[in-house]
Protein chains: 2
Amino acid sequence: MVVLGNDYSGQDCGLARSLEIVGERWTLLIVRDAFYGVQRFNDFQARLEVPRAVLSARLRALVDHGVLERVPDPEHGGRSLYRLTERGRALWPAVHGLISWGSPEDPPPRTHRHERCGTELAAGGVCPACGGTPPPHEVVTERSDPSRGRDDRVSVRLREPRRLLEPLS
Amino acid sequence: MVVLGNDYSGQDCGLARSLEIVGERWTLLIVRDAFYGVQRFNDFQARLEVPRAVLSARLRALVDHGVLERVPDPEHGGRSLYRLTERGRALWPAVHGLISWGSPEDPPPRTHRHERCGTELAAGGVCPACGGTPPPHEVVTERSDPSRGRDDRVSVRLREPRRLLEPLS
């Protein structure tokens, strides 16, 4: 076993297998932004400020692992859109659990509420009002204080209320 | 901003803040094992096979960030027990979300069920029977097939049904 290598092959566990796919640096932030509707390379780049070669490698790995699908961008010939697959969308409870844990303040910097119930989700993406775990397209997110947060062109557009997965463009 | 450094300081988001604490390699596997009742350095080491210096650094960081607390081991003078704090236990929905996502097969290699309802938890740790998110001490975990999985002395003891957080010793 290569310790501190690229895998956790000695660990027969779902968590280790998840981390082999989404545990690399930046990967979960890319997945988060895909939930927020980011689909274009340049839009991921504007928000994450990650080197283009790193972003490119991470997107490729996510496509290879079936988390994102790559389709031609109808508005920009030769470019691609990256969209969460069904398998990728299944990461929502984990992603929300981590967003929520890192936002213990009240209100959190960004809220995520079940559109139908109007209720802020509890950790793991469960709706305290109806007891269900709404799929991402039934979740509305917005910045609690739109005057705060990053001010790149993508983040500015993500300040207002929007449904998850709704394309940014 | 140091890109690919040790922080995501340009990212004003709960997810980035979580990853600054639990996004380092091995850290979430240590937290997982703490949920499974592992408390001693040598027991973490037996199961993770991580170099002692790495394990030591990760445990120290988790204590510094208030995820684990370090208390004297009553059975081994001079040694310590590491236990999840309330803040650490709040990671359960995220940890379960990642375990669940990495275990798409049916049955998963390890099950996690709400003891009262007897029902396998859905992603994010929600109980489909009662609609609640049971706290970890109400969750029973076991290997689906006890003849499989790692065979180190700690993993062998984790094959049988046990409540989360119940100390291994």
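The values are calculated or read from the model by the stated rules, or taken from the named source; none is laboratory data. Just so you know, these numbers come straight off a predicted model, no measurement behind them. Note that we place each Cβ from the backbone using ideal geometry, even for glycine, and neighbour counts take in every protein chain shown.
Key figures
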| read-out | value |
| --- | --- |
| Output for region B:130-148, where each listed residue is assigned to a loop (DSSP other than H, G, I, E, B) and surrounded by fewer than 16 Cβ atoms within 10 Å (Cβ to Cβ) | B:130, B:131, B:135, B:144, B:145, B:146, B:147, B:148 |
| Residue match in region B:42-61 (condition: more than 20 Å from residue B:99 (Cα to Cα) and touching a strand residue (DSSP E or B) at 6+ places or on another chain (Cβ under 8 Å)) | yes |
| Matching residues in region A:46-75 - criterion: being touching a helix residue (DSSP H, G or I) at 6+ places or on another chain (Cβ under 8 Å), surrounded by fewer than 18 Cβ atoms within 10 Å (Cβ to Cβ) and of a type outside the set (Gly, Ala, Ser) | A:52, A:65, A:69, A:70 |
| Failed criterion for residue B:25 (all others in (1) more than 7 Å from chain A (Cβ to nearest Cβ); (2) among the basic types (Lys, Arg); (3) over 22 Å from residue B:134 (Cβ atoms) hold) | (1) |
| Test: residue in region A:53-69 that is away from chain B (no Cβ under 14 Å) and either under 18 Å from residue A:151 (Cα atoms) or in contact with a Cys (Cβ under 9 Å, 6 or more places away or on another chain) (or both) | no |
| Subset of region A:89-129 [part of a loop (DSSP other than H, G, I, E, B), crowded, with 17+ Cβ neighbours inside 10 Å and touching a helix residue (DSSP H, G or I) at 6+ places or on another chain (Cβ under 8 Å)] | A:90, A:91, A:102, A:103, A:108, A:109, A:121, A:123, A:124, A:125 |
| Complete set of residues in region B:89-111 that are within 13 Å of the chain's Cα centre (by Cα) and more than 10 Å from chain A (Cβ to nearest Cβ) | B:89 |
| Check on residue B:77, at pLDDT 95 or above, assigned to a loop (DSSP other than H, G, I, E, B) and either out of contact with any Gly (no Cβ under 9 Å at 6 or more places or on another chain) or within 12 Å of another protein chain (Cβ to nearest Cβ) (or both) | no |
